[in-house]
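The structure under discussion appears below in the form of structure tokens.
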Amino acid sequence: MTKSDIGIVGCGQTPYSKRAQGTLVGYLADAARRALDSAGMARGDIDGLAVAAFQLPPDNAVTLAEQFGITVSYADYFTAGGAGSVAMMLAAKRAIEDGQAKAVLCVAGDLYDVGAHYRLMGNFNQALSNYAQPHGFGGPNGLFALVTRKHMEAYGTTCEQFGRISVGQRASAALNDNALLRGPMTMDDYLNARMIADPLRLFDCVLPCTGAEAVVVAAVDRAPKGKGVRVLSGAEQHNHPPGEVAPLHIGAALYRDRLWARAGYGPKDMQFAQIYDDYPVMVAIQLEDLGYFGAGEAPGFLARHDFAWNGSLPLNTGGGQLSCGQTGAGGGMIGLWEAVTQLRHEAGARQVPKVERGLVAGYGMVGYGHGLGSASVVLERA
Amino acid sequence: MMGDMANPPTYPQPREDATNAPLIAGWREGRLMLQRCGDCGRAFFYPRPMCPHCWSEKLAWFEASGRGRIVAYSHVFKPHHPAFDAEAPIVLIEAALEEGALMLTRVVGEDRTNARSRMAISLVPMPEAARYPLPTFVLA
Ligand SMILES: [Zn+2]
């Protein structure tokens, strides 16, 4: 297969905060500035803008261009929630390949905290607002509790096996100054935490927070020397399987074979996996649908692996959303940011040694019962 | 037995529109109304202007039996809206209705925390039904 010359040339992340403070545009601008610095670019080098932020409406990508004071030949406002940032980056890459732009700034984030999260989720979309909110559904915690229950009853997965994801990622978060939860956490801490929505306990649920991420998509040779990241393949699939409330599969099941075939690699060749982690069960489901193990084999896989940055499967090597916090729609970009940081060998104390390639999977946009969107990319150090 | 009948909590309400009006009107009388497709024959929830299985517009409302089974359940200790706080834990379920439709709903009643997957459920009868904004169930 021919490798595209278009990839990721810079990435930026703002400090995270538990309190919604400042302004959304301020956070997006801060992430953008950091990404441009990382790319060695100036504002005038950008001719495309894509944005993912739940709280941006009634603004959009074009009005954000006005706020930023830049003229762009490509503008895109995301869909697909936590899958949106990966999908947005893939769309930016195609726009550049088509000649519509040369360098696209992709930004994502929200001014989120627990209160803002509940207010948003009650009105997230028409189906949830009309048919789940009147039942006191508990927001995503209630919905993913149903998915988790189903996973446990269908496959025999235990709380302790799910906990290995949260505990492993926390070990990585200890080495990430931007993680809001970076104190040590043992399996006992995880299992003894208070019940939120049975079987989900406190450390199964992400902490809504404020922050933003950005990446710059352009020809990889525009990156500072040794800092370009190639996109070997990418795919997205939304609302699969259709018509289900709490399915144990996502769209990745449909594109998995194509994703790996085009990349020329398989799951075993990945030196890390940045997998959207709003809840551990969704990491397990994505790993299965992306081909890390066979149907229903999550219990053995989770029991067998250590998910810390230096473990047998380096997973969400900055601590993931479960330890860093979920910056609203920025939660869909934290994995991309961490992957690029790792591939640029800029991850400091949590740097995966000699890393050359890895996987990023985005997932989200909760509809009537579950996240509908899935988008994944295989990345390689250029 | 199900709380203060005279002063039900101010639950968030579904927004009535041209598509879901029969569901909401039916439930005011304690009936569970579903749509069935005139072309593919399948019943579904939530209300839509076209059949999600085949895009047919030949849809007819009918009164469902109100019986079904629990597919999955959770005890939600932290509801997302204050109207539900006094009733925590909310027993949120995915229900498979006899007619084949899947529904997110909840089980109420003193014994609600006995809910388990595959248990039979039935609609809350009138007059208690009027307390809830949408079709709500008890253990059968
Ligand atoms: Zn039909």
* Structure fact -> With every protein chain in place, the accessible area of residue A:14 for a 1.4 Å probe, in Å² rounded to the nearest 10, comes to 0 Å²
* **Interface residues in the stretch B:114-138 - accessible area drops by 40 Å² or more relative to the isolated chain, probe 1.4 Å** => B:134
* Where the centre of each part is set by its Cα atoms, how far does the stretch A:320-353 sit from the stretch A:19-40, in angstrom? -> 16 Å
* Using θ = phi - 60° and the Karplus form 6.51 cos²θ - 1.76 cosθ + 1.60, what ³J(HN,Hα) does each residue of the stretch A:174-191 get, whole Hz, x for Gly and Pro? -> 4, 9, 10, 4, 8, 6, 6, 10, 10, x, x, 9, 8, 4, 5, 4, 5, 6
* Candidates A:187, A:365, A:333: whichever shows maximal mean-square fluctuation once chain A is modelled as a Gaussian network with Cα springs under 10 Å -> A:187
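How big is Rg to Rh over the stretch A:210-324, alpha-carbon atoms, Rh as the Kirkwood inverse-mean-distance radius?
Using Cα coordinates only, the ratio equals 0.98.
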* **Cut-off under 5 Å, modelled amide H: who pairs with residue A:101 long-range** => A:96
* Go through A:93/A:150; A:150/B:58; A:3/A:268; A:150/B:78; A:18/A:93 and tell me which ones have a Cα-Cα distance over 27 Å in this structure. => A:93/A:150; A:150/B:58; A:18/A:93
* Degrees, to the nearest 10: A:334-343 long Cα axis against longest axis of chain A -> 60 degrees
* To do: Subtract the Cα-Cα distance of residue A:59 and residue A:261 from 0.36 nm times their separation in residues, and report this length gain in nm to one decimal.
  => 68.8 nm
* Check residue B:42: other-chain or 5+ apart residues with amide H under 5 Å from its amide H, H built from backbone geometry? -> B:37
* To do: With θ set to phi - 60°, apply the Karplus curve 6.51 cos²θ - 1.76 cosθ + 1.60 along the stretch B:125-139 and write out the HN-Hα couplings as whole Hz, x wherever there is a Gly or Pro.
  => x, 5, x, 4, 3, 4, 5, 9, x, 9, x, 10, 10, 10, 5
* Structure fact -> Debye calc, one equal point scatterer per Cα of the stretch A:41-142, no solvent, log10 I(q)/I(0) at q = 0.10, 0.25 1/Å comes to -0.36, -1.30
* **Principal axis box of the protein assembly as shown, alpha-carbon based, largest edge first, Å** => 72, 49, 44
* Within the accessible area of chain A (1.4 Å probe), percent carbon and sulfur -> 50 percent
* To do: Would you tally the net charge around residue A:311, using a Cβ to Cβ cut-off of less than 14 Å, leaving residue A:311 out, and scoring K and R as +1, D and E as -1?
  => +3
* **Cα-derived Rg to Rh of the stretch A:5-58, Kirkwood definition** => 1.00
* Asked: Gain in length, residue B:54 to residue B:116, computed as 0.36 nm per residue apart minus the alpha-carbon separation, to one decimal in nm?
  -> 19.0 nm
* To do: Could you run the Debye sum over the Cα atoms of the stretch A:129-264, one equal point scatterer each and no solvent, and tell me log10 of I(q)/I(0) at q = 0.10, 0.15, 0.16, 0.18 Å⁻¹, two decimals?
  => -0.54, -1.11, -1.18, -1.25
* Asked: Roughly what angle does helix A:139-155 make with the longest principal axis of chain A, taking Cα atoms, 0 to 90 degrees, to the nearest 10?
  -> 60 degrees
* To do: Between residue B:19 and residue A:254, take the C-beta separation as r, use R0 = 30 Å, and let me know the FRET efficiency to the nearest 0.05.
  => 0.55
* Structure fact -> Share (percent) of C-alpha pair distances in the stretch A:74-198 greater than 22 Å works out to 60 percent
* Structure fact -> Excluding ligands, DNA and RNA, the carbon-plus-sulfur percentage of the accessible area of the stretch B:21-139 with a 1.4 Å probe reads 51 percent
* **Cα-derived Rg to Rh of chain B, Kirkwood definition** => 0.97
* Gain in length, residue A:268 to residue A:194, computed as 0.36 nm per residue apart minus the alpha-carbon separation, to one decimal in nm? -> 23.1 nm
* To do: List the residues whose amide H sits under 5 Å from the amide H of residue A:10, counting only those 5 or more places along or on another chain, with H placed 1.01 Å from N in the peptide plane.
  => A:216
* Can you give the accessible area buried between chains B and A, summed over both chains, with a 1.4 Å probe, in Å² to the nearest 100? -> 2900 Å²
* To do: Calculate how steeply helix A:159-173 sits against the longest principal axis of the alpha-carbon atoms of chain A, using the helix alpha-carbon long axis, and give the answer as 0 to 90 degrees to the nearest 10.
  => 30 degrees
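For the stretch B:1-110, which chymotrypsin sites (Phe, Trp or Tyr not before Pro) pass both filters: DSSP loop (anything but H, G, I, E, B) and at most 13 other C-beta atoms within 10 Å?
On the way: sites: B:27, B:44, B:45, B:55, B:61, B:62, B:73, B:77, B:84; in loops: B:45, B:55, B:77.
Answer in residue order: B:55.
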* To do: Report ³J(HN,Hα) in whole Hz for each residue of the stretch B:89-106, in order, from the Karplus equation J = 6.51 cos²θ - 1.76 cosθ + 1.60 where θ = phi - 60°; Gly and Pro get x.
  => x, 6, 9, 7, 9, 9, 10, 9, 7, 3, 7, x, 7, 9, 8, 8, 7, 9
* Structure fact -> Share (percent) of C-alpha pair distances in the stretch A:194-272 greater than 16 Å works out to 74 percent
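The values are calculated or read from the model by the stated rules, or taken from the named source; none is laboratory data. Only a predicted model underlies this, so the values are computations on that prediction, with no experimental measurement involved. Positions of Cβ are backbone-derived with ideal geometry, glycine not excepted, and every protein chain shown enters the neighbour counts. Note: accessible area is taken over every heavy atom of the protein model, side chains too, but ligands, DNA and RNA are not part of it. Shrake-Rupley method; radii C 1.70, N 1.55, O 1.52, S 1.80 Å.
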